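Report on the following structure.
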Amino acid sequence: MRRFVVLAATAALAFAGCGGDDQESTPAATEAPTEAPTQAASGSATKLAVAADPGGAKKFTESELTTTAGQVEINFSNQSQLPHAVEIEGNGVEETTETVTGQDAPPLTVDLKPGTYEFYCPVGDHRAAGMEGTLTVK
Ligand SMILES: [Cu+2]
């Protein structure tokens, strides 16, 4: 009995191994990273540079940004001595970079559809002070 169960399980695994494009039934711990079907290829993401005012003002260097729809890699640079981050908001998207001071934030990749988004700094009163802008995605 026990042996039969083991054999059946092995057979099932072997079957899933060769045939299975109709079901990805294994949320396995060790999944090949190359498998990721939707989020893959960060190498093809459009890069979008955003910078905080290096002089320490509560603003970005640009208040109007434009990019292309799809995977967009936000590269936020904050050379000032105030902590800043960038939050992208609109059309169901709400994504925020890490807050950094005097350095670049790790790249943040977001999936953007065509439309108009807001971007702003979520730290303290920075947005109210004018640290915001409009991101147009075409
Ligand atoms: Cu800020």
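Odds and ends about this structure:
- Förster radius 25 Å - calculated FRET efficiency between Thr66 and Thr101, Cβ distance, rounded to 0.05: 0.35
- DSSP finds beta bridges in region 46-137, and of those with both partners inside it, around 70 percent are antiparallel.
- Residue list for region 45-71, given a label point 7 angstrom along the Cα-to-Cβ vector of Asp125 and an amide N cut-off under 16 Å: 57-59
Laboratory data are not the source of any read-out in this text; all were calculated from the coordinates shown. As the structure is a prediction and not an experimental result, all values here were calculated from the model. Here the Cβ is made from the backbone with ideal geometry for all residues, glycine too, and neighbour counts use every protein chain on show.
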